[in-house]
Amino acid sequence: MDYFLLQAHSGWRFIVILLVVATAIKMLIGWLGKQNWRSIDTNLLLASRGAIYVQVLLGVILYILLQKWTNMRFTAEHTIILLLAVGGVEFASARAKKAAGSAGKFRMAFIGLAVSFVLIFVGLQAVGGLFAMS
């Protein structure tokens, strides 16, 4: 079971990154293109949040299970930085929800997602990088 969870956590990161990048690009296009906020924009933010929460859940379960493993390259930096990335996605969602007007929604969502993406990339470096197999 440990192996399955480790592989799921390692593989799911690509879905998270894909969703965060796609959503950030959509938010940037909406912001710079002066588009109206639509339900697809809300759904993209929701999908990004959902994907990152699945990743966190897998990570927490692994954290508990992997305490017995000594050869894992597991660092506190990875955990802390990536939990901050979750905060970035939450910031994006909350601020976009409260922002007045479509431009403000897109701007806040883009800023939060861009910060999250940078934090995700940095957090992955703590465990060997984006393409390191755990």
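The values are calculated or read from the model by the stated rules, or taken from the named source; none is laboratory data. Note that the structure is predicted; figures quoted are calculated from it, not measured. In this analysis, Cβ positions are derived from the backbone assuming ideal geometry, glycine residues included, and neighbour counts consider all displayed protein chains.
Quick one: would you say residue 95 is in contact with an Asp or Glu (Cβ under 8 Å, 6 or more places away or on another chain), surrounded by 14 or more Cβ atoms within 10 Å (Cβ to Cβ) and modelled with pLDDT of 85 or more? So residue 95 does not fit the description; no.
A residue that is modelled with pLDDT of 90 or more, surrounded by fewer than 19 Cβ atoms within 10 Å (Cβ to Cβ) and out of contact with any Lys or Arg (no Cβ under 6 Å at 6 or more places or on another chain) occurs nowhere in the stretch 126-133. Every test in (1) closer than 15 Å to residue 120 by Cα; (2) modelled with pLDDT of 95 or more; (3) not hydrophobic (A, V, I, L, M, F, W, C) is passed by residue 26 save one, and that test is (1). If you go through the stretch 16-34 and keep only what is farther than 17 Å from residue 115 by Cβ and surrounded by fewer than 15 Cβ atoms within 10 Å (Cβ to Cβ), you end up with 18, 29, 32, 33, 34. Consider the stretch 5-57 and keep the residues that are over 28 Å from residue 78 (Cβ atoms) and of a type in the set (Val, Ile, Thr). The one that is nearest to the chain's Cα centre (by Cα) is 42.
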